[in-house]
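Trainee: Shown below is the structure under consideration.
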Amino acid sequence: MSDEKNLGVSQKLVSPSRSTSSCSSKQGSRQDSWEVVEGLRGEMTYTQEPPVQKGFLLKKRKWPLKGWHKRFFYLDKGILKYAKSQTDIEREKLHGCIDVGLSVMSVKKSSKCIDLDTEEHIYHLKVKSDDVFDEWVSKLRHHRMYRQNEIAMFPRDVSHFFPGPTVTDSAPGVFEAISSRKRSSLSKQNSFQTGSNLSFSCGSGDTRVPFWLQSSEDMEKCSKDLAHCHAYLLEMSQLLQSMDVLHRTYSAPAINAIQVPKPFSGPVRLHSSNPNLSTLDLGEEKCYSDGSEASSEFSKMQEDLCHVAHKVYFALRSAFNSISTERDKLKQLMELDASSPPSAQVVGLKHALSSENSGDESRALVHQLSNESRLSITDSLSEFFDAQEVLLSPSSSENEISDDDSYVSDISDNLSLDNLSNDLDNERQTLGPVLESGGEARSKRRTCLPAQGPNTSSVSLWSILRNNIGKDLSKVAMPVELNEPLNTLQRLCEELEYSELLDKAARMPSALERMVYVAAFAISAYASSYFRAGSKPFNPVLGETYECIRQDKGFQFFAEQVSHHPPISACHAESGNFVFWQDVRWKNKFWGKSMEIVPIGTTHVTLPAFGDHFEWNKVTSCIHNILSGQRWIEHYGEIVIKNLTDDSCHCKVNFIKAKYWSTNAHEIEGTVFDRDGKAVHRLFGKWHESIYCGGASSSTCVWRANPMPKGYEQYYGFTQFALELNEMDPLSRSLLPPTDTRFRPDQRLLEEGNIEEAEVQKQRIEQLQRERRRVLEENSLEHQPRFFRKSSDDSWVSNGTYLELRKDLGFSKLDHPVLW
């Protein structure tokens, strides 16, 4: 690297005000907005090793709304470690470790905040003084570029630069980014993602397949990675054998070095969706003694084993990414092939692929791999890393678990799928009063959409989002192909897919049992989001409405967009057994690799038969890997369910924030407490699969998700219930107000696959909304919702007019705003 180039890079890094940030515009506004810090570009290199930076910073707790705490940070060669104190850093008792080179870094000078998005976690840091803030930003820039240069020079040896096996929570972020961040192949991968720079001919089918075969270096790399993995596994096997021999030949002190945990001393961690396969998290129990008590040779073998396991993990992750890249190549190839006459080779290839993928089961498996890439490596490997974290990491205040959460793992599923299905069928036969005429009684509902979801690989999300780091994305216009053909009002209705749980709660004589089913209902509201991380719902315009009358489920639902700034959606549903209502708004924030969705609002359910009034909050959702095709969603936080009319019990449900490859991904743990705070019922399971209630010896399945419809991966990941939400019933068309979402043209056009016209209509509808708002402002008027009113606690509740108007075609007698 020349001195001139090195000097130029250094000058560019010293002052944050002179950064190459893509967010910078004017100096005055820059300090009030988030700046994205760019790294190495083009042929730039950076070989000057930066000095170590260390000190205390404020770090936002990982759980939402828990404030900030003080942590000691140590930055060396692009790796940022943190712990409670400098002594803990020196002893390698880390709370976490961040690869700055593989993170998206953004800064906000006005609030002295630094955010690092590793894709797996979003780290929010804060500095108290301007001088310290400038110092840390400058040092982080230096270390980030140095680290990126190291990764570019040694893309296969990222683990060589990464700290040893004591790292607790950042290694997955490194693994995830290896293939997509390697400098040598970044431009090539981008060309495949955008589909705009393919180097082979698109006009001749004869040359396409040979070039693709010749350019399959990723598969060769995959083969080498698997060979390395095989060698590493053999090495691990030898180490385990040696450790076993050493363990058996050592005297009592060596054996005592490994403590046997007390029975059921820690909380259950489900090993999979089957509750009978569980692993115990030993919590605060120390699994081995200090080095002074155990053999140094045995400890060395433990460290070697962990180190080799890291290598296995890298190799498998790299192989997986190589296969994913080849799959994307083949997909691009098949799409290009459709536009020109195919050669005999291509015809043969397509025929073979179509025969392989003819079954819906195989397509579902491919989609499952796409959505669960972090769980595709064997459970034994994930279990090993869970064990490693217990062995080598101390307890952290961020991960502390109370004694109340401990319960045993021997669980039997006393409710089979057949029994569950029959039970639900019986429930539907014994629902409350039959709805009045005009309800959506239909003999057959559609099982797919008119058109499959569009290919969004050509949409550059980064160009849209890079200027909106840390901002509320609800105000950012997105291309229509990033939407799904449902809107937020319909998403609220999706929370009633498992309304049978409320019907069952209404028949439980015990308040504690009613709480169990209400809690299961609150959890089930998140189930449909599991396959929906790839798209977003339409934003309703002000005054837009939606209704869903379901005789088969026994409820009547309607919703209205009651506010535009801030956007607030209100809904109400009622049946013979329950009344359900809520108003909610979402704050969507993008942090570089991930998008957080923070809901604001409260959900209410009443059971008139007992006079119960339940209310609960929602948890935070996060879509990870948002800039690539392997997006996945998680929910984390705590739901607290209270009965406002009876304080005999309450419930807390914890959505566990799991690591990327952890076996407890998507798990929930809940407890129903009595008036004295004693745990009465335990809930556990996965929010997208099933929920169980039980104690030491047995458990009962309280809820299980419905099976996904055939071809769901081609239709936005919709459940069967979601497929029906936007379906227009000719019998009920005349009963709907013209403001109903089903009449919205851009959403209907997207559902039919007409993307270009949908985008035109979307822009027209948004412009109409802006004009209506301007008229209101010019006349000093405020929008008045038609079917909801604001209560004394500022929540929105039904004014009781919607269902009355629907009875006698009352909507046709009203004046309605022109929304589209």
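Trainee: Can you name every residue in the stretch 505-523 that is buried (at least 23 other Cβ atoms within 10 Å of the Cβ) and of a type in the set (D, E, K, R)?
Mentor: ARG514
Trainee: So, one more: Return the residues of the stretch 134-153 that are in contact with a helix residue (DSSP H, G or I) (Cβ under 8 Å, 6 or more places away or on another chain) and more than 17 Å from THR45 (Cα to Cα); say none if nothing qualifies.
Mentor: Passing the criteria: ASP134, VAL137, SER138.
Trainee: Could you check how many residues of the stretch 761-783 are more than 17 Å from SER563 (Cβ to Cβ) and touching a residue at least 12 places away in the same chain (Cβ under 8 Å)?
Mentor: Residues flagged as more than 17 Å from SER563 (Cβ to Cβ) and touching a residue at least 12 places away in the same chain (Cβ under 8 Å) within the stretch 761-783 amount to 5.
Trainee: Ok, one more. Among the candidates GLY677, GLY670, which residue alone is among the small types (Gly, Ala, Ser), under 21 Å from the mean Cα position of the chain (by Cα) and not assigned by the TED database to the domain that holds GLU484?
Mentor: GLY670
Trainee: Taking GLU615, is it of a type in the set (D, E, K, R), without any contact (Cβ under 8 Å) to a residue 60 or more places away in the chain and either more than 30 Å from VAL100 (Cα to Cα) or touching a Ser or Thr at 6+ places or on another chain (Cβ under 9 Å) (or both)?
Mentor: Taking the combined requirement at face value, the residue satisfies it.
Trainee: Turning to a different aspect of this structure: I'm checking my understanding of the structure. Among residues of the stretch 85-124 that are assigned to a loop (DSSP other than H, G, I, E, B) and without any contact (Cβ under 8 Å) to a residue 40 or more places away in the chain, which one is nearest to GLN53 (Cα to Cα)?
Mentor: Selected residue: SER85.
Trainee: In contact with a strand residue (DSSP E or B) (Cβ under 8 Å, 6 or more places away or on another chain), over 21 Å from ALA522 (Cα atoms) and touching a residue at least 12 places away in the same chain (Cβ under 8 Å): which single residue out of TYR716, TYR712 fits that description? Break it down into steps so the answer makes sense when it comes.
Mentor: Working: TYR712 fails: in contact with a strand residue (DSSP E or B) (Cβ under 8 Å, 6 or more places away or on another chain).
Answer to the check: TYR716.
One line per residue, one yes/no per condition, for (1) under 22 Å from the mean Cα position of the chain (by Cα); (2) surrounded by fewer than 22 Cβ atoms within 10 Å (Cβ to Cβ):
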position	(1), (2)
SER563	no, yes
SER575	no, no
THR603	yes, no
LEU607	no, no
THR620	yes, yes
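Trainee: Only one of (1) at pLDDT below 95; (2) surrounded by fewer than 21 Cβ atoms within 10 Å (Cβ to Cβ); (3) closer than 23 Å to PRO509 by Cα is not met by GLY694, so which one is it?
Mentor: Just one mismatch for GLY694, condition (2).
Trainee: Residues in the stretch 216-237 that are crowded, with 18+ Cβ neighbours inside 10 Å and either modelled with pLDDT under 70 or charged (D, E, K, R) (or both): how many?
Mentor: Qualifying residue count for the region: 3.
Trainee: Please verify whether LYS81 is in contact with a strand residue (DSSP E or B) (Cβ under 6 Å, 6 or more places away or on another chain), more than 25 Å from ASN625 (Cα to Cα) and in a strand (DSSP E or B), treating the condition exactly as stated.
Mentor: When the stated conditions are applied, LYS81 does not pass them.
Trainee: Which residue, of SER499, SER421, SER443, is among the small types (Gly, Ala, Ser), closer than 30 Å to GLY534 by Cβ and at pLDDT 50 or above?
Mentor: SER499
For every residue, the table says whether it meets (1) surrounded by fewer than 10 Cβ atoms within 10 Å (Cβ to Cβ); (2) under 23 Å from LEU735 (Cβ atoms).
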position	(1), (2)
LEU781	yes, no
PHE788	no, yes
SER795	no, no
ASN799	no, yes
TYR802	no, yes
ARG806	no, yes
LEU809	no, yes
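Trainee: Does any residue of the stretch 733-740 turn out to be more than 30 Å from LEU768 (Cβ to Cβ) and either polar (S, T, N, Q) or under 25 Å from the mean Cα position of the chain (by Cα) (or both)?
Mentor: Checking the stretch 733-740: not a single residue is more than 30 Å from LEU768 (Cβ to Cβ) and either polar (S, T, N, Q) or under 25 Å from the mean Cα position of the chain (by Cα) (or both).
Trainee: For the stretch 719-743, name all the residues that are in contact with a Phe, Trp or Tyr (Cβ under 6 Å, 6 or more places away or on another chain) and either under 17 Å from PHE555 (Cα atoms) or among the β-branched types (Val, Ile, Thr) (or both).
Mentor: THR741 - this is the single residue of the stretch 719-743 that is in contact with a Phe, Trp or Tyr (Cβ under 6 Å, 6 or more places away or on another chain) and either under 17 Å from PHE555 (Cα atoms) or among the β-branched types (Val, Ile, Thr) (or both).
Trainee: Mind checking whether some residue in the stretch 619-629 is on the phi > 0 side of the Ramachandran plot and either touching a residue at least 40 places away in the same chain (Cβ under 8 Å) or among the basic types (Lys, Arg) (or both)? Break it down stepwise before answering.
Mentor: Within the stretch 619-629, the first condition is being on the phi > 0 side of the Ramachandran plot, and the residues that meet it are 625.
Right, trim to either touching a residue at least 40 places away in the same chain (Cβ under 8 Å) or among the basic types (Lys, Arg) (or both) and you get 625.
Yes, the stretch 619-629 contains a residue that is on the phi > 0 side of the Ramachandran plot and either touching a residue at least 40 places away in the same chain (Cβ under 8 Å) or among the basic types (Lys, Arg) (or both).
Trainee: Regarding the stretch 594-616, can at least one residue be identified that is more than 30 Å from PHE320 (Cβ to Cβ), modelled with pLDDT under 95 and outside the structural domain of THR488 (by the TED database)?
Mentor: no
Trainee: Is one or more of the residues making up the stretch 799-812 under 19 Å from HIS565 (Cα atoms) and of a type in the set (Val, Ile, Thr)?
Mentor: The answer is no; no qualifying residue exists.
Trainee: Between ASP740, ASP746, which is surrounded by 13 or more Cβ atoms within 10 Å (Cβ to Cβ), in contact with a helix residue (DSSP H, G or I) (Cβ under 8 Å, 6 or more places away or on another chain) and assigned by the TED database to the domain that holds GLU615?
Mentor: ASP746
Trainee: Follow-up question, since we're still on this one. The conditions are (1) in contact with a Leu (Cβ under 7 Å, 6 or more places away or on another chain); (2) farther than 22 Å from ILE626 by Cα, and VAL137 fails exactly one of them. Which is it?
Mentor: (1)
The values are calculated or read from the model by the stated rules, or taken from the named source; none is laboratory data. Predicted model, so just to flag it, every value in this text is computed and none were measured. All Cβ positions, glycine included, derive from the backbone under ideal geometry; neighbour counts span all protein chains shown.
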